[in-house]
Amino acid sequence: EIITTLEHAGLIGREPGSKRYTCAERLNALAGETLLRSPNRAARRAVLEELVEQVGETCNLTIPNNNSVLYLDRVEASWPLRISLGAGSKVPLYASASGKMFLSYLPKRSRERFLRVTPLIRHTQNTLTDPSRLSREFEQIRANGYSVDNEEYLAGICCLAVPVRDSDGRVVAGVAVHAPATRMRL
């Protein structure tokens, strides 16, 4: 009965052709809102503010959210030329530095499944849409310990992301810095 109520409320849904349940978009949105308004926000924002002060460019804290990257927090640099992707914004996993970083740390079978089932839409001329090329990039990211977005989601914007790990070493979030390519090269 509880499962049926959750399903009718749009919080969970059945996997097509299966008896398994998964989180529905409404539950994902609720979880995202909870994280955005977390009591820990002040501490993580202070870290981002210090990072922006050091690097002079906009910095983000991100988490994976379905097939997207969710910006949990963002501190803007004081430059007049910047992008408006505030907390709560989402960008595709495969076309962003944070997203590619999250994908690279998934188990290999999960990465391969993602590449098989996800439509890889070209956002700019630099967007990687070839699954084998993305697979090679994921291996390079794991080897380097960081990921880049070379104008792959927005033309003229480059980005670098690093993983945030929990005490067991699992990647739980990402910290990214991005800027116009005219001001900061990779």
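The values are calculated or read from the model by the stated rules, or taken from the named source; none is laboratory data. Keep in mind the model is a prediction, meaning the values are calculated, not measured. Using ideal geometry, Cβ is built from the backbone for each residue, glycine included, and neighbour counts are taken over all protein chains shown. The accessibility values were calculated without ligands, DNA or RNA, using every heavy atom of the protein model including side chains. Shrake-Rupley method; radii C 1.70, N 1.55, O 1.52, S 1.80 Å.
Work through the residues other than Asn126 whose Cβ is under 15 Å from its Cβ and net out their charges, Lys, Arg +1 and Asp, Glu -1.
Numbers: positive: Lys100, Arg122, Arg133, Arg185; negative: Asp130, Glu137, Asp149, Glu151, Glu152.
Net charge in that neighbourhood comes out at -1.
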>> Can you compute the label reach from Glu25? Point 7 Å from Cα along the Cβ direction, backbone N cut-off under 14 Å, restricted to region 1-19.
In response: 10-13
>> In whole percent, and with a 1.4 Å probe on the protein chains, what portion of the accessible area of region 134-186 is carbon and sulfur?
In response: 49 percent
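Which whole-number value in Å² is the accessible area per residue of region 40-79, probe 1.4 Å?
Values: 1970 Å² over 40 residues.
Computed with neighbouring chains in place, this is 49 Å² per residue.
Can you order the peptides 121-133, 137-149, 98-110 by their average number of other Cβ atoms within 10 Å per residue, highest first? Show your work: numbers first, answer last.
Details: 121-133: 13.2, 137-149: 16.7, 98-110: 19.5.
The most tightly packed comes first, giving 98-110, 137-149, 121-133.
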